[in-house]
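Below you'll find the structure, written out as C-alpha cells, and then a few comments.
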Amino acid sequence: MSTLIIAVLSFVGFIAAYHTYGKWLARKIFGLDPEQKVPSQELRDDVDYVPTKKEVIFGHHFTSIAGTGPIVGPAIAVFWGWLPALLWVVLGSIFIGAVHDFGALVVSLRNRGQTVGDIAGRMITPRAKLLFLIILFMALAVVLAIFGLVIAIIFALYPESVLSVWIEIPLAVGIGIWIYRRGGNILIPSIVALGIMYLGMGVGAYLFPIDLSAWLGIPLLGQTFMNAVVIWTLILFVYCFIASVLPVWTLLQPRDFINSHELVLALVLLVLGLAVAGLTGGADLFSSAPVVAPDIPPDAPPIWPFLFITIACGAISGFHCMVSSGTSSKQVASEKDAQYVGYGAMLLEGSLAVIVIIACCAGIGMGLFQRSGTGANYSFQPVLNAETGQQVRHQEAWRSRYATTRTVTNANGETTVEGTWHSHTLAQKVGAFIDGSANFLSSLGIPLKMSIAIMAVLVASFAATTLDTATRLQRYVIQELAQTAKIKPLTNRYVATALALAVGGAVALMPGPKGPGSGGLILWPLFGAVNQLLAGLAFMVIVFYLLRRNRPIWFAVLPMVAMLVMPAWAMLWQMFNPNGWWANGKYLLFGFGLAVEALQVWMITEGLLIWKKARGNYPELPPLDVAGAPAYAHSAQEGD
C-alpha cells in the first residue's frame, strides 16, 4: 500500500506544479502571447517548419526527450537507495528540468526556431555560439553512439520486440500521408496502428521472434565484427538517415503520436499493476530495497554530485534543450501551446522516471525470473533460492540485481570484499526496468512472456525516436557550424546528415569493452557530465535572454549555477581521483573531459564579461533574406 501512496503523491505533485508554477512561468515570466507569430508560420516549408496541433507536437516532443534516458539513469541511481533518486526526480523535474525545457522552447520560438547554440551568439557573444555548437556536436555524437547501442542490445536480447518496432514505421508513414495529403484525422488511425503493434508484440512473443544471433549463427556481442549488435546498429543508422531527411509530417510526427499512445497505455497498465501488487502485498518498496543504501562499493562514485548527473532525463537533461529549440519550436503552432509542450512533457517524463524507480525496486522485489529455451519456444522460469527452494524476492532479488559488494577469495584463501560498480552495464539496467515492469503487468493477469514484449517494445520505440531526432538535431548543428565557418557543402541537409551518422557510427562500431559495436561504451562515462553541462549552458542562454528583456531571472540563476557546478565537479572527480582516468591511463576520456571543461570555462567567462552590458540591451532579429529564410541561420532547404 505504501508503494502505491508514494507513486500517487508524486503524480499529484506533478499535476499541481503544472497548474501553479508552470502557469506562473507562462504568464508572468515569459508572457506567452497567442497572437505572436511563431517560426512554424513565418518560415513554413513543410519539411522542418510545419504548424502542428499541440497534441501531436506533444507526442513528438515527449517521445524525443524520453528515449531510454529516464529508464537507464534512475535504474542505476537506485543503487544509492530509492529515496534520493525519487526526491531528485520529483523536485528536479518541477523546479529545474521543466523550467529548462520550457525556457529553451520559448527562447527558440522568439528567435525564428534557432537552436540554443545559435541563439547564444546573440544573447551572449559570437564566440559563445561557436563554443556551444562545438559542445553540442560532441554531445550529440555520444548520444548517437549510445542510443544506437542501446536499441541494438534490446533487439538482440529481446527478439520478441523487433517485429512490432519495425511494423510501426510503414504504419506511421501511411498515417502521415493520410493526414497531410488527404486531410484525415490522426486519432483513430494512430489508435488502430497501436492495436496492430500490440498484435505484433504477440506474434513476436509467441510465433516469430526475430533473433539475428540464432538465425545467422553469430554472437550477440563479441570480438568478431559480425555480431548481432553490429548488424542492428548498421541497420538503425541507415534508417536514421532516411528518417532524418524526410519532412517531419511523413514519419516523425505520426510515429511519435503513436508512441505517445503506447506510453500512456503502458503507464496505465503499470500503475494498475502497481496498484494491484501494492494492495495485495506483492510489491513493497520498503521491504524490496533500502531507502538509502547503507554501503556502496569502494569503486563507486559518491552520491554527491553523481546522483545529479546519473539521473539526467527524468529530472533535467541538456539534450532536451536541443529538442525544444531544434525540432519542437519549428512545429509549435501557437505560443500558448508552449507550456503544454515544454513544461508538461517534462513532468510526464518525471512521472515515467518515478515508475522506473519503483519498478527497479518494488517490481524487481516481486521476484526474479530467467529465460529458458530458444526461438519461439522460449519461456521464463522463476529464479529459486538454492537453500529454501523459494523464488528469489524482495531485498534478496534487489541485491542480486544491485549487489553493492562481492566476496572474493584469492589463491591463499584470503577473503576480501570488492565493489561491483563497474558491473552496472546499460543492458543490465534496461533489463532491470523491463523485468520489474513485467512483474507489475503480470499481477494484472497478463502472461509474463507478453509483459516482457510490451515493455521491451516500449523501450526500443522510445530509444529509436530519440536516435533519429538526435540525427536531425546533429544535422542542424553541423549546418550552423558550416554556415559560421563558410563551408558551403555542409549546409546541404543530406551531406550534413551523412556526416552526423558517419561520426556517430564510427564511435558506435569501433571496438569497445564488449568488442566491435560497443564503442559507445568507451565514451559512456562522459555522457552524464557532458549532458548536464549542456543544461547549465542552456540555462545561461535563457538567463541572458530574460536579462536583456528586463525580466526576472532569480528563479533560473540557482538552477543554472547548480547545473554548471555539478557536472564540472563530477568530471574533475572522474579525471583526477586516485582511480580516475588519468591514473588508469584512459587518456582519450581524460583529453575529452579536459576539452569540455576548457570550453565550459571559456563560455562562462564570455558571459561574465558581457553581464553588465546585457541588461535591457536586447538585440533585434535581423531581417529575413529574399527567399524568406533567416539571413543569419540555416534554412531547412539551404544547399538542397
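Each value in this text was obtained by applying a stated rule to the coordinates, not by laboratory testing. Quantities reported herein were computed from a predicted structural model and do not represent experimental measurements. We place every Cβ from the backbone using ideal geometry, glycine too, and count neighbours over all the protein chains shown.
To the nearest 20 debye, what charge dipole does the chain have about its Cα centre, counting +1 at the Cβ of each Lys and Arg and -1 at the Cβ of each Asp and Glu?
For the chain, the charge dipole is close to 1260 debye.
Show which lysines lie in cross-link reach of residue 449 when reach means a straight Cα distance below 30 angstrom and same-chain residues fewer than eight apart are skipped.
By straight Cα distance, residue 449 reaches 429, 514.
Ignoring solvent entirely, what values of log10 I(q)/I(0) come out of the Debye formula for segment 2-91 at 0.15, 0.20 Å⁻¹ when each Cα is a single scatterer?
For segment 2-91 at q = 0.15, 0.20 Å⁻¹, log10 I(q)/I(0) is -0.88, -1.15.
Calculate how steeply helix 448-485 sits against the longest principal axis of the alpha-carbon atoms of the chain, using the helix alpha-carbon long axis, and give the answer as 0 to 90 degrees to the nearest 10.
30 degrees
Could you check what % of the DSSP bridge pairs in the chain are antiparallel, to the nearest 5?
Counting DSSP beta bridges with both partners in the chain, the antiparallel share is about 90 percent.
Relative contact order of segment 356-398, please, whole-number percent, based on alpha carbon pairs below 8 angstrom and at least 6 residues apart.
The value is 44 percent.
Taking neighbour counts of Cβ atoms within 10 Å as a proxy for exposure, in what order, fewest first, do 288, 328 appear?
Neighbour counts put them in this order, fewest first: 288, 328.
Counting trypsin sites (Lys or Arg not before Pro) as exposed when in a DSSP loop with at most 11 other beta carbons within 10 Å, what is the longest stretch of the chain free of them?
Segment 183-485 is the longest.
Full-extension gain between residue 605 and residue 336, please, as 0.36 nm times their residue separation minus the C-alpha to C-alpha distance.
Contour length minus Cα-Cα distance gives 93.3 nm.
Which Cα, out of 111, 555, 143, lies furthest along the positive dipole direction of the chain (beta carbon charges, K/R +1, D/E -1)?
Positive-most Cα among the choices belongs to 111.
Between the helical axis of 126-157 and the dominant principal axis of the chain, each derived from Cα atoms, what acute angle in degrees is found, rounded to the nearest 10?
Compared with the principal axis, the helix lies near 30 degrees.
Over all distinct Cα pairs, what is the inverse of the mean 1/r for the chain, reported as the Kirkwood hydrodynamic radius in Å?
Averaging 1/r across every pair of different Cα atoms and inverting gives 24.8 Å.
Rank these for me by crowding, 510, 123, 346, going from fewest to most other beta carbons within 10 Å.
Ascending number of Cβ neighbours within 10 Å: 510, 123, 346.
Can you work out the FRET efficiency for the pair residue 28 and residue 561, with r the C-beta to C-beta distance and R0 = 30 Å, to the nearest 0.05?
Efficiency computed from Cβ-Cβ geometry: 0.85.
Amide H to amide H under 5 Å from residue 52: which residues, 5+ apart in sequence or cross-chain, H placed 1.01 Å off N in plane?
Excluding prolines and chain starts, which carry no amide H, the hits are 333.
First measure r as the distance between the Cβ atoms of residue 510 and residue 549, then evaluate 1/(1 + (r/R0)^6) with R0 = 45 Å and state the FRET efficiency to the nearest 0.05.
Once rounded, the FRET efficiency stands at 0.50.
Residue 588 to residue 502: extension gain in nm, 0.36 nm per residue of separation minus the Cα-Cα distance?
Here the answer is 29.0 nm.
How high is the relative contact order of the chain, in percent, with contacts defined as C-alpha pairs under 8 Å that are six or more residues apart?
27 percent
Can you compute the charge dipole magnitude of segment 452-577 about its Cα centre, using +1 on each Lys and Arg Cβ and -1 on each Asp and Glu Cβ, nothing else charged? Give it in debye, rounded to the nearest 20.
420 debye
If contacts are Cα pairs under 8 angstrom and at least 6 residues apart, what is the relative contact order of segment 425-558 in percent?
Relative contact order for segment 425-558 comes out at 10 percent.
Just name one of 192, 609, 229: the one whose Cα is farthest towards the positive end of the charge dipole of the chain (beta-carbon charges, Lys/Arg +1, Asp/Glu -1).
Result: 609.
Express in % the proportion of alpha carbon pairs of segment 149-197 at distances exceeding 17 Å.
The calculated P(r) of segment 149-197 puts 44 percent of pairs beyond 17 Å.
Simple spin-label model, 7 Å along Cα-to-Cβ: residue 379 to residue 182 in nm?
About 4.4 nm separates the two model spin labels.
With unit charges on the beta carbons (Lys and Arg positive, Asp and Glu negative) and the dipole taken about the Cα centre of the chain, which residue among 438, 240, 473 sits farthest to the positive side?
The Cα lying farthest towards the positive end belongs to 473.
Say each of residue 87 and residue 12 gets a label point 7 Å from the Cα, pointing the same way as Cα to Cβ; how far apart are those two points in nm?
2.0 nm
What lysines sit close enough to residue 28 to cross-link, taking a C-alpha to C-alpha distance under 27 Å and skipping anything fewer than 8 places away on the same chain?
List returned: 37, 53, 54, 330, 336, 612, 613.
Dipole size in debye (nearest 20) for segment 238-365 around its Cα centre, Lys and Arg Cβ +1, Asp and Glu Cβ -1?
That gives segment 238-365 a dipole magnitude of about 300 debye.
Sort out for me the Cα centre separation of segment 244-290 from segment 201-232, rounded to whole Å.
So the separation of the two Cα centres works out to 25 Å.
I'd like the distance between the alpha-carbon centres of segment 297-324 and segment 521-539, rounded to an integer number of Å.
If you average the Cα positions of each part, the centres end up 8 Å apart.
So what's the convex hull volume per residue for the Cα atoms of segment 443-562, in Å³?
Considering the Cα atoms of segment 443-562, their hull volume per residue is 206 Å³.
For 521, 348, which order do you get if you count the other beta carbons within 10 Å of each Cβ and list the fewest first?
The order, fewest Cβ neighbours first, is 521, 348.
R0 = 35 Å: FRET efficiency of residue 487 with residue 612, Cβ-based, nearest 0.05?
Using R0 = 35 Å, I get an efficiency of 0.50.
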